[in-house]
Amino acid sequence: MELSLPGVYGTIENLGNIKPEYQVAIEVVAGSKLQAIIVENDYVAEECINYLRKNKIGTAIFLPLNRIRARELRITDKDVLKMQGVHGLALELVKFDNKYRNAFAHVYGNTIVADNIESCRKLGIGRARMVTLEGDLIERGGAMIGGYRKNIINLVKNRNRVFP
């Protein structure tokens, strides 16, 4: 990012805006891709990767807009969005420039935001990928990840990208 290369737009974290009540859930959904860098195309991604390798800086996730594929909710599962306790798709709860839609849809596209685990269980564990407002993640395959988040304040601290 510091190089200001043409075609490097920014991270998922910096290019999206989230209402405070959804911030924990949305950031949990993104996971390590919160720091993924959106780039114009795979050539820019390659240039960045070569730079990181040459200078022994480290690694990064790049989301080239010309190659990245969106993850979408299956048509048969869209009825879930109308059920009680559902806030919507994570993708719909993040504001971003439409230019970056494919990248945001790749990160958030098929995840439903629900009130709590009880709501997710009523919707059907395994029916869709879900996250609770507290940040508990329920994978489509049935895995449930959650519990106490000691550093939840870290997710919410000084974010100028959060809606007022």
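Working from label points 7 Å from Cα in the Cα-to-Cβ sense, the GLU139 to ASP42 distance is 2.7 nm. By a 1.4 Å probe calculation restricted to protein chains, ASP115 has an accessible surface near 60 Å², given to the nearest 10. Across MET83, MET144, the residue with the most accessible area heads the list, and the full order at a 1.4 Å probe is MET144, MET83. Rolling a 1.4 Å probe across all protein chains gives TYR43 an accessible area of roughly 150 Å².
If we count GluC sites (Glu not before Pro) as exposed when they sit in a DSSP loop and have at most 15 other beta carbons within 10 Å, what is the longest stretch of the chain that avoids them all? In short, 3-71. Taking region 84-102 and a reference point 7 angstrom along Cα→Cβ of ARG71, the backbone N atoms nearer than 12 Å belong to 90-91. Largest first, the residues ARG149, ARG121 sort by 1.4 Å accessible area into ARG121, ARG149. Structure remark: mean-square fluctuation, Gaussian network model of the chain, C-alpha springs under 10 Å; the largest value among GLY124, GLY141, GLY16 belongs to GLY141. Please compare each pair in LYS54/LYS95; LYS33/LYS56; LYS19/LYS99 to a cut-off of 24 Å on the Cα-Cα distance and tell me which ones are over it. The answer is LYS54/LYS95. The Cα atoms of the chain give a gyration tensor whose axes a ≥ b ≥ c have a/c of 1.5 or more with a/b greater than b/c, which makes the shape prolate. Sparsely packed loop sites in region 19-114 (the trypsin sites (Lys or Arg not before Pro) outside DSSP H, G, I, E and B with at most 11 other Cβ atoms within 10 Å) comprise LYS56, ARG69, ARG74.
The values are calculated or read from the model by the stated rules, or taken from the named source; none is laboratory data. As the structure is a prediction and not an experimental result, all values here were calculated from the model. Every residue, glycine as well, gets a Cβ built from its backbone with ideal geometry; the counts of neighbours run over all protein chains shown. Just so you know, the surface numbers come from the protein's heavy atoms only, side chains and all, with ligands and any DNA or RNA stripped out. Shrake-Rupley method; radii C 1.70, N 1.55, O 1.52, S 1.80 Å.
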